[in-house]
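K.L.:
Quick one: this structure, given as structure tokens, is what I'll be asking you about.
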Amino acid sequence: MRLGYSLSYWGTAGLSPAEHLTLVREAERFGYHSAWAAETYGTDPASLMAWLAGQTRRIRLGTAILQMPARRPVAAAMTAATIDQISGGRFRLGLGFSGPQLVEGWHGLRFDRPLARARDYLAVVRMALAGQPVRYHGPTLTVPLPDSEGREMALAVGPVQQQLPIYLATLGPQAVRLTGEVADGWLPLNVPPEYLAQCRSLLREGAARSGRSLDGFDIAPMVMVLVEDDLEIAYDMMRPMLSLYLGGMGSRQHNFHNQLAGRLGFAREATAMQEAFLAGRQGEAMAAMPDELVDAMTVCGPPERVRERLAAYRDAGVTTLIVGLVPPTLRLRLDQLRVIAELAGSL
């Protein structure tokens, strides 16, 4: 099992660009396989990856995720090919649906038929990256437009990698099945190893639809990790970010992280957290989060406890574990990067 490092939402952690760069370079030195950056309504992770490409040598660079509604599929393909060229073939294209809060409130688009849109989107991205003239007709996307002056075009500059890896960030059963069918990797967030093990059958079903197996498929969950001898302190350090995902990442009707907590057996607690968070009572939302839920959705505690949990992810079939850090300072984060690498390397 390889390690990845998540920069999370660049610009929101209180670190300067120079400090973020130091962390990525140290992750590279410690043997981390990849570095990943996310997108919401702040900085652009593709620009960040292009910048990091010129500042690093070996570490792979990925978007986790680019929001599909934010850019047309051919634009995503051009971005991926460009960063792959700049980095010498180190780029991974992570894509995701986002949710109605951002899609409708930020991008001004309807959040509908996400699975059909994702299938069409990836088909066009793959066609473009393969250097083929793009001609596609699907339920949600037609290129070129019929009865128009449009014509078929092919990507003028291709990626270095013969098959640039494309990942999908999904959580629900139908979406996970689609991921196995159309993607090269899976980017679930805050998912325990027990749930991952159950989802392997869904990924296999999806892969079988495309006439392939999961050989070479990258199961790459993103999880917050904290090595801390005092377990209560560890839990409390995890609660703010976890409550944001479960309470504020989405609407009452559509919060995929909250729904995941329900699937894990914490539906009542997740509902209470969401109601408190959306009402502006963040402290109450965190207080409603039981230790068992923190345990399920993060990796934290003394070194031996963290080592055991990392081993559980490995045994669940994870091939790349993408680590998110929560300490507030550069020094503490550097310490965590090193310790986590040592614990994972000793498995």
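K.L.:
Since Leu214 meets every condition but one in (1) closer than 26 Å to Thr40 by Cβ; (2) in a loop (DSSP other than H, G, I, E, B); (3) in the same structural domain as Arg113 (by TED's automatic domain parsing), which condition does it not meet?
P.N.:
(1)
K.L.:
Follow-up question, since we're still on this one. Look at segment 45-98 and say how many of its residues are of a type outside the set (S, T, N, Q), assigned to a loop (DSSP other than H, G, I, E, B) and touching a helix residue (DSSP H, G or I) at 6+ places or on another chain (Cβ under 9 Å). Spell out the reasoning first.
P.N.:
Pass one, segment 45-98, residues of a type outside the set (S, T, N, Q): 45-46, 48-54, 57-62, 64-66, 68-78, 80-81, 83-84, 86, 88-97.
Within this subset, residues satisfying the condition of being assigned to a loop (DSSP other than H, G, I, E, B) are 54, 57-59, 64-65, 71-72, 88-90, 97.
Checking the rest, the ones that are also touching a helix residue (DSSP H, G or I) at 6+ places or on another chain (Cβ under 9 Å) come to 54, 57-59, 64-65, 71-72, 88, 90, 97.
Final tally of qualifying residues: 11.
K.L.:
Any residue in segment 193-209 that is surrounded by 14 or more Cβ atoms within 10 Å (Cβ to Cβ) sitting within a Cβ distance under 7 Å of a residue that is among the basic types (Lys, Arg)? List the pairs, counting only those 6 or more apart or interchain.
P.N.:
Filtered contacts from segment 193-209: Leu202/Arg177; Glu205/Arg177; Gly206/Arg177.
K.L.:
Check whether at least one residue in segment 303-325 is surrounded by fewer than 21 Cβ atoms within 10 Å (Cβ to Cβ), out of contact with any strand residue (DSSP E or B) (no Cβ under 6 Å at 6 or more places or on another chain), β-branched (Val, Ile, Thr) and farther than 14 Å from Met238 by Cα, and report yes or no.
P.N.:
Within segment 303-325, none of the residues are surrounded by fewer than 21 Cβ atoms within 10 Å (Cβ to Cβ), out of contact with any strand residue (DSSP E or B) (no Cβ under 6 Å at 6 or more places or on another chain), β-branched (Val, Ile, Thr) and farther than 14 Å from Met238 by Cα.
K.L.:
In segment 226-275, which residues are buried (at least 20 other Cβ atoms within 10 Å of the Cβ), under 24 Å from Leu102 (Cα atoms) and among the small types (Gly, Ala, Ser)?
P.N.:
Ser243, Gly247, Gly250, Ala261, Ala270 - these are the residues of segment 226-275 that are buried (at least 20 other Cβ atoms within 10 Å of the Cβ), under 24 Å from Leu102 (Cα atoms) and among the small types (Gly, Ala, Ser).
K.L.:
Kindly indicate the residue of segment 1-42 that is at pLDDT below 95, in contact with a Leu (Cβ under 7 Å, 6 or more places away or on another chain) and among the aromatic types (Phe, Trp, Tyr) and also farthest from Glu104 (Cα to Cα) among those meeting that condition.
P.N.:
This residue is Trp10.
K.L.:
Within segment 124-159, count every residue that is in contact (Cβ under 8 Å) with a residue 40 or more places away in the chain and surrounded by fewer than 16 Cβ atoms within 10 Å (Cβ to Cβ).
P.N.:
The total comes to 1.
K.L.:
Take segment 16-43 and flag every residue that is touching a residue at least 60 places away in the same chain (Cβ under 8 Å) and either of a type outside the set (D, E, K, R) or in contact with a Phe, Trp or Tyr (Cβ under 6 Å, 6 or more places away or on another chain) (or both). Don't jump to the end; show me each part of the working.
P.N.:
Keep residues of segment 16-43 that are touching a residue at least 60 places away in the same chain (Cβ under 8 Å), which gives 19, 22-23, 26-27, 30-34, 36, 40-41.
Those that are touching a residue at least 60 places away in the same chain (Cβ under 8 Å) and either of a type outside the set (D, E, K, R) or in contact with a Phe, Trp or Tyr (Cβ under 6 Å, 6 or more places away or on another chain) (or both): Thr22, Leu23, Ala27, Phe30, Gly31, Tyr32, His33, Ser34, Trp36, Thr40, Tyr41.
K.L.:
For a quick check of your reading: which helices (runs of 4 or more DSSP H) sit entirely within segment 288-347 and have at least 2 residues that are closer than 28 Å to Met273 by Cα and either hydrophobic (A, V, I, L, M, F, W, C) or under 23 Å from the mean Cα position of the chain (by Cα) (or both)?
P.N.:
Details: elements: 291-297, 303-315, 330-345.
Hits in segment 288-347: 291-297, 303-315.
The values are calculated or read from the model by the stated rules, or taken from the named source; none is laboratory data. What you see is a predicted model, and the numbers here were worked out from it, not measured in a lab. Cβ: placed from backbone, ideal geometry, glycine included. Neighbour counts: every protein chain shown.
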